[in-house]
Amino acid sequence: MHFSRLGALLVGFGLFASAASAQSSIKLIPMPREIRATGDEALIHGVGISCMAPCAVEDRFAADDLTASLVARGVVGSPGGVAIELARASVHPEVKFTDEMRAEGYVITKIGKTLTVIGDSAAGVFYGAQTVKQLIEGNGAGAVLHEANVRDWPAMKYRGLDDDLSRGPVTTLEFQKHLIRTLAAYKVNLYSPYFEHTQQYASNPLMAPPGGSVSAEEARQLVEYARLYHIDVVPEQEAFGHLHHNLAWEQYQPLAETPHGAVLAPGQPGSIALIKQMFTELAALYPGPFLHIGADETVDLGLGQTQAEVDARGLGRFIWIFCSG
């Protein structure tokens, strides 16, 4: 059984907070590995955000994202405001990065009068900028900067959300982009939309309802948008059970374990062909590191086309033979 998709959030940055983090008066989500409040709090009176040369395209995006967030909160630049600088570790060799910090870790420190965010990678710079958003509390003229020295890196390589897009209205592309921005702000780096019959397939166009499913073009746009925020989109497509809506069509009846049921009949050559068509298209639309093959709730197995084989071999043995090819 699937968990509540929107409740399946795994936050791995700061999962194992250090003593320095636990003792800090500054509360952030997720809590950094190491954070030491300096005790300094100041009205911002606006901010100036810069990207230290050489400024990579990804780092410029992080700076623009931070700027847009603070502009939306009414925290804008003015003379005498706070200077925030994004930089790579190569520019600040005096700041040491351990091996575990290099992929996604960052440092936030005060260098002179400038709050400096340092990363050894584009992801590290971006995640440091997300922490700065939380170090600034309040909006407009009353916004306050909580100064702190921060060293942070993730406890888990993959930190993701599984989002059920098959039970209820399918969210719009604009809402999914909003969700991507929100997840990225909390250092989530994987988004997994769950599909039963709500991803459109050119090879099987009957399955997905028009206006209530994700088109190929929407999938491509989402993947490209999420990439900017350091998020991989990993689709989950059911490929065994949970296929009631797909198998409702007469042309797929030869593949159904039971008439108009929810389970594909294993051993049917057409079942494997159908799954291959789906995942071939998915791999092209979502060219990330993973595809999630859903294969749960096969409760009808042994009640229809496979009944004789299941009775003869036993359910467990039959599934093992089928899954092992």
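Read-outs: derived from the displayed coordinates by stated rules, not from any lab. Note that this is a predicted model, so its numbers are computed, not measured. Glycine also receives a Cβ, built like all others from the backbone with ideal geometry; neighbour counts cover every protein chain displayed.
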**Request:** Please work out which residue is farthest from L274 (Cα to Cα), limiting yourself to region 194-215 and to residues that are touching a strand residue (DSSP E or B) at 6+ places or on another chain (Cβ under 9 Å) and of a type in the set (A, V, I, L, M, F, W, C).
**Result:** V214
**Message:** Can you find, within region 267-305, the residue that is nearest to W320 (Cα to Cα) among those that are of a type in the set (V, I, T) and assigned to a loop (DSSP other than H, G, I, E, B)?
**Reply:** T298
**Complete:** Residue hits (region 264-292; among the β-branched types (V, I, T) and loosely packed, with under 15 Cβ neighbours inside 10 Å) are T280
**Request:** Could you please find all residues in region 286-301 being without any contact (Cβ under 8 Å) to a residue 60 or more places away in the chain and closer than 16 Å to D164 by Cα?
**Result:** L291, I293, A295
**Asked** Restricting attention to region 42-66, and to residues there that are in a helix (DSSP H, G or I) and in contact (Cβ under 8 Å) with a residue 60 or more places away in the chain, which single residue is surrounded by the most Cβ atoms within 10 Å (Cβ to Cβ)?
**Response** A62
**Prompt:** Q221 passes all but one of (1) more than 15 Å from F195 (Cα to Cα); (2) in contact with a Phe, Trp or Tyr (Cβ under 6 Å, 6 or more places away or on another chain); which number fails?
**Reply:** (2)
**Message:** Testing A202 on (1) within 20 Å of the chain's Cα centre (by Cα); (2) in a loop (DSSP other than H, G, I, E, B); (3) surrounded by fewer than 22 Cβ atoms within 10 Å (Cβ to Cβ), one condition comes back false. Which one is that?
**Reply:** (1)
**Asked** Assuming P210 fulfils every condition listed in (1) surrounded by 19 or more Cβ atoms within 10 Å (Cβ to Cβ); (2) assigned to a loop (DSSP other than H, G, I, E, B) apart from one, which condition is it?
**Response** (1)
**Request:** Confirm whether A129 is among the hydrophobic types (A, V, I, L, M, F, W, C) and surrounded by fewer than 23 Cβ atoms within 10 Å (Cβ to Cβ).
**Result:** no
